[in-house]
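Read the structure below first, then the notes.
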Amino acid sequence: MKNKILIFAAAVVLTCLGQTAQAQQASNLGVGARVGGFSSGVSVKYFYRENVALEGVVGTNFGRKGFHLLGLYELHAPAFNVRNLQWFYGAGAHVGSYKGRYYHERTYAGYNDSYDKTLTTMGIDGIVGLEYKIAEIPIQVSTDFKPFLDVNRDGLFLLPDWSLTVRYSF
């Protein structure tokens, strides 16, 4: 099952890259690394309008055995009258599968760790951050706060996530 999901995620990313390459519009696509508490991985951001972007992340959490897929719809606006600096905010959703003791199961006696269980998670995400585009070298650097609501068989969790992302712009 995990292999099918990974193949599906790779196909989605490659399809997005192929469509963008055909469009041949400068600086509409950025690919790079996102390092955060819960959503670290490969980030792909595509601007389909000047101030509207779609971002996808395929990744994992350090220490967890598994992966997640994250999709975000983001709106961008100039920040502090600084050239190439933008605020962005938006929302999206995620799905993931992990194995290990990272969630807890409620029982009458308290909580039992979810050791050696495969947990499928899904939820909704919000995001707000700042992004700077370095024009001389086509690099985008951003930092963001992304709280998310995570649902799995062990319960409902509201979690914070800060991250730093560096992307190469095509």
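The values are calculated or read from the model by the stated rules, or taken from the named source; none is laboratory data. Since the structure is predicted, the reported quantities are computational estimates derived from the model, not experimental observations. Note that each Cβ is placed from the backbone with ideal geometry, even for glycine, and that neighbours are counted across all protein chains shown. Just so you know, the surface numbers come from the protein's heavy atoms only, side chains and all, with ligands and any DNA or RNA stripped out. Shrake-Rupley method; radii C 1.70, N 1.55, O 1.52, S 1.80 Å.
A few remarks follow.
- Packing, as the average of other Cβ atoms within 10 Å across residues, places the peptides 124-130, 155-161, 68-74 in the order 68-74, 124-130, 155-161, highest first.
- Counted residue by residue at 0.36 nm each, then reduced by the alpha carbon distance between them, the extension gain from ASN51 to VAL166 reaches 39.5 nm.
- Accessible surface, the stretch 29-87, averaged per residue in Å² (probe 1.4 Å): 49 Å²
- FRET efficiency estimate (nearest 0.05) - Cβ-Cβ, LEU158 to ALA135, R0 35 angstrom: 0.40
- Additional length obtainable on full extension of the chain from ALA79 to ALA33, 0.36 nm per residue less Cα span: 14.3 nm
- Sorting LYS133, LYS146 by accessible area puts them as LYS133, LYS146; the probe is 1.4 Å, largest comes first, and only protein heavy atoms count.
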